[in-house]
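These notes concern the structure reproduced below.
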Amino acid sequence: MSQNPQHAAAHHLLGKLLRQQQRLEQALQAQQRSCQLDPALGWNWFAAGELLMKLKRFPEAAEAFEQALHALPAEGWIRDQLESARLAESTGGEK
């Protein structure tokens, strides 16, 4: 059995594992690669958005949440995350 380095879900799962290990930059790279490989997967965009929020990269987080919401329109709660990212961007991350 061989590995497929172009498998979006594998990069998504790797990103989740790296996040658990607090390797946030590497986790983000894995999630972003997942998004590149399969832009229609919404959960990879959402995971990227969460990481971008932790890294205080709010404009990029908002973009990721927009993509997640587009891919997962039934998950309306993602809109809350999008609004949080936009608010953090407009206030410089201060609440």
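The values are calculated or read from the model by the stated rules, or taken from the named source; none is laboratory data. Fair warning: this is a prediction, and the values are worked out from it, not measured in the lab. Because the Cβ atoms are built from the backbone with ideal geometry, glycine has one as well, and the counts that use them run over all protein chains shown. Side chains included, ligands, DNA and RNA excluded: accessible areas come from the protein's heavy atoms. Shrake-Rupley method; radii C 1.70, N 1.55, O 1.52, S 1.80 Å.
Here are a few things to note about the model shown:
- Among (1) in contact with a Lys or Arg (Cβ under 6 Å, 6 or more places away or on another chain); (2) open to solvent by 30 Å² or more (accessible area, probe 1.4 Å); (3) not in a loop (DSSP other than H, G, I, E, B), the one test that Gly93 misses: (3)
- For the stretch 43-53, the condition of being touching a residue at least 12 places away in the same chain (Cβ under 8 Å) and touching a Leu at 6+ places or on another chain (Cβ under 6 Å) holds for at least one residue.
- Single residue of Glu83, Glu75, Glu63 found to be in a loop (DSSP other than H, G, I, E, B) and either without any contact (Cβ under 8 Å) to a residue 60 or more places away in the chain or of a type in the set (D, E, K, R) (or both): Glu75
- Pairs linking a residue in the stretch 15-26 that is open to solvent by less than 80 Å² (accessible area, probe 1.4 Å) to a residue that is outside any helix (DSSP H, G or I), with Cβ atoms under 7 Å and 6 or more positions apart or on different chains, are Leu24/Leu55.
- Residues being farther than 26 Å from Gly92 by Cα, open to solvent by less than 70 Å² (accessible area, probe 1.4 Å) and part of a helix (DSSP H, G or I) - total across the stretch 36-60: 2
- Tallying residues that are farther than 9 Å from Gly42 by Cα and open to solvent by less than 80 Å² (accessible area, probe 1.4 Å) within the stretch 67-81 yields 4.
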